Amino acid sequence: MTRIDDLPIRDELRGKSPYGAPQLDVPVRLNTNENPYPLPEPLVARIAERVAEAARHLNRYPDRDAVELRTELAAYLTRTAGHEVTKANVWAANGSNEVLQQLLQTFGGPGRTALGFEPSYSMHALISRGTGTGWLSGPRRDDFTIDVDAAVAAIAEHRPDVLFICTPNNPTGTAVDPATVLRLYDAAQAAKPSLVVLDEAYGEFSHHPSPLPLIEGRPNLVVSRTMSKAFGAAGLRLGYLAADPAVVDAVQLVRLPYHLSAVTQATALAALEHTDTLLGYVEQLKAERDRIVTELRAMGCEVTDSDANFVQFGRFPDSHAAWQAILDHGVLVRDNGVPGWLRVTAGTPQENDAFLDAVRAIRKENN
Ligand code: PMP
């Protein structure tokens, strides 16, 4: 049998495994930061309508520049993120992973480097590798906040071409305050002109306002967003960025022509028509997230403050054994490989109860 490594693949891919959380068939799945609420029926009907209309034109390529969608995304950001942007500031792609990939293809690449503060979203390192960009791991404090002085020193030492700031950070839930973003941005620009990417995939779940207004007057600052979490549309694959219009022009140099299908554009537009209902679910999830934090702490668990739709909890002498024990109670959480810690996504109140009961049970079993 031919194995991957028998093929003439790039050296840096040899022996590597693909990204992916286990997709196990268990009653309660709280492991991939999905939104637990299916799209409401009126929205499902509207998607069917808009997709039917798009289907009448599928003999043609889609709108290559996704103008209507970018206009509506800009209106959504203007309304919810405290800063006026237009379609010239916004670019969309198949999930924010593709947005990040396009950014790295444009601003990273062979001979260039990207730096992130770990533990963080592991795809930052993997997309860097996939685009031939060298990866550099910057520090976090023991409480998972960014130590600004240490971070500034790492930036000065490595002079990265791309700097990732994940806020709220996956898997820890930690938000980065605007003053810290600005110090890191300034440090990055002082080292060399470089792109600073604020990965705000979980922005809507934060207790704090979006850092989006910071893009004003900072052409090298990009905010990356997604409809996978707050819009409950992980299956849609729609991510977007907001930045100076020059950044939007620059990513056109690497995007594939017609990368965003007409069906995707129609579905995303339908979802945006139902923003208020979907943001209502976000409010419920934020309350459930806060309840998980409170109840885990009441049980005596250590819990990292969370601004996302998930909670990092511990600490376990053997986090993989704890992951398995929770799974044995029918609840799938995530072992992100952060020693001592696990991550649970906020689900429905019933799912969260099942999770909390499972943790209570394993703590009893171990005492
Ligand atoms: N950024 C972060 C921090 C994430 O956690 C995720 C999804 N897990 C993404 C980006 C990518 O999401 P998507 O491609 O679904 O937009």
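The values are calculated or read from the model by the stated rules, or taken from the named source; none is laboratory data. Computed from a predicted model, the values in this text were never measured in an experiment. Backbone-built Cβ (ideal geometry, glycine too); neighbour counts: all protein chains shown.
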Enumerate the pairs (first residue in region 1-28 and closer than 30 Å to residue 359 by Cβ; second residue anywhere and at pLDDT 85 or above and among the polar types (S, T, N, Q)) with beta-carbon separation below 6 Å, excluding pairs fewer than 6 apart on the same chain, so at least 6 apart or on different chains. 21/31; 21/32
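Please count how many residues of region 174-212 are in a loop (DSSP other than H, G, I, E, B), farther than 19 Å from residue 81 by Cα and not charged (D, E, K, R).
Within region 174-212, the first condition is being in a loop (DSSP other than H, G, I, E, B), and the residues that meet it are 174-177, 192-194, 200-202, 206-211.
Subsequent filtering for residues that are farther than 19 Å from residue 81 by Cα retains 192-194.
Now drop any that are not not charged (D, E, K, R), which leaves 193-194.
Residues meeting the conditions: 2.
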For region 226-236, check the following and say yes or no: at least one residue is of a type in the set (D, E, K, R), more than 28 Å from residue 59 (Cβ to Cβ) and within 15 Å of the ligand (Cβ to nearest atom). yes
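Any residue in region 144-155 that is in contact (Cβ under 8 Å) with a residue 60 or more places away in the chain, away from the ligand (no atom under 13 Å from the Cβ), surrounded by 21 or more Cβ atoms within 10 Å (Cβ to Cβ) and aromatic (Phe, Trp, Tyr)? Show your work before the answer.
Looking only at region 144-155, we keep the residues that are in contact (Cβ under 8 Å) with a residue 60 or more places away in the chain, and these are 144.
This time we only want the ones that are away from the ligand (no atom under 13 Å from the Cβ), so: 144.
Those still in the list that are surrounded by 21 or more Cβ atoms within 10 Å (Cβ to Cβ) too: none.
Checked region 144-155: no residue is in contact (Cβ under 8 Å) with a residue 60 or more places away in the chain, away from the ligand (no atom under 13 Å from the Cβ), surrounded by 21 or more Cβ atoms within 10 Å (Cβ to Cβ) and aromatic (Phe, Trp, Tyr).
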For region 145-173, give me each residue that is within 24 Å of residue 314 (Cβ to Cβ), part of a loop (DSSP other than H, G, I, E, B) and more than 17 Å from the chain's Cα centre (by Cα). 145, 146, 147
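Where in region 40-107 are there helices (runs of 4 or more DSSP H), lying fully within it, with 3 or more residues that are over 22 Å from residue 282 (Cβ atoms), of a type in the set (Ser, Thr, Tyr) and without any contact (Cβ under 8 Å) to a residue 40 or more places away in the chain? First the steps, then the outcome.
Details: elements: 41-55, 67-80, 95-107.
Hits in region 40-107: none.
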Residue by residue through region 237-251, note down the ones that are more than 9 Å from the ligand (Cβ to nearest atom) and either in a loop (DSSP other than H, G, I, E, B) or without any contact (Cβ under 8 Å) to a residue 40 or more places away in the chain (or both). 243, 244, 246, 249
Does at least one position in region 261-275 carry a residue that is within 16 Å of the ligand (Cβ to nearest atom), among the polar types (S, T, N, Q) and touching an Asp or Glu at 6+ places or on another chain (Cβ under 9 Å)? yes
Answer from 197, 223, 162 - the residue that is surrounded by 22 or more Cβ atoms within 10 Å (Cβ to Cβ), within 14 Å of the ligand (Cβ to nearest atom) and closer than 30 Å to residue 340 by Cβ: 197
Among the numbered criteria (1) in contact (Cβ under 8 Å) with a residue 12 or more places away in the chain; (2) within 16 Å of residue 168 (Cβ to Cβ); (3) among the aliphatic types (A, V, I, L, M); (4) more than 15 Å from the ligand (Cβ to nearest atom), which one does residue 303 miss? (1)
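Taking region 290-326 only, how many residues are of a type in the set (A, V, I, L, M), in contact with a Gly (Cβ under 7 Å, 6 or more places away or on another chain) and not in a loop (DSSP other than H, G, I, E, B)?
As a first pass, look at region 290-326 and keep what is of a type in the set (A, V, I, L, M): 292-293, 296, 298-299, 303, 308, 311, 321-322, 325-326.
Filter once more, keeping what is in contact with a Gly (Cβ under 7 Å, 6 or more places away or on another chain): 308, 311.
Filter again for not in a loop (DSSP other than H, G, I, E, B), leaving 311.
Residues in region 290-326 being of a type in the set (A, V, I, L, M), in contact with a Gly (Cβ under 7 Å, 6 or more places away or on another chain) and not in a loop (DSSP other than H, G, I, E, B): 1 in total.
Just give me the residues in region 119-140 being in contact with a helix residue (DSSP H, G or I) (Cβ under 8 Å, 6 or more places away or on another chain) and assigned to a loop (DSSP other than H, G, I, E, B), in sequence order.
In the first step, residues of region 119-140 are kept if they are in contact with a helix residue (DSSP H, G or I) (Cβ under 8 Å, 6 or more places away or on another chain); the result is 123-124, 127-139.
Hits for region 119-140 are 131, 132, 133, 139.
With 67, 28, 44 as the choices, which residue is away from the ligand (no atom under 16 Å from the Cβ), at pLDDT 95 or above, in contact with a Pro (Cβ under 9 Å, 6 or more places away or on another chain) and among the β-branched types (Val, Ile, Thr)? Walk me through how you get there before you give the answer.
Details: 67 fails: in contact with a Pro (Cβ under 9 Å, 6 or more places away or on another chain); 28 fails: in contact with a Pro (Cβ under 9 Å, 6 or more places away or on another chain).
Just a single option satisfies the conditions, and that option is 44.
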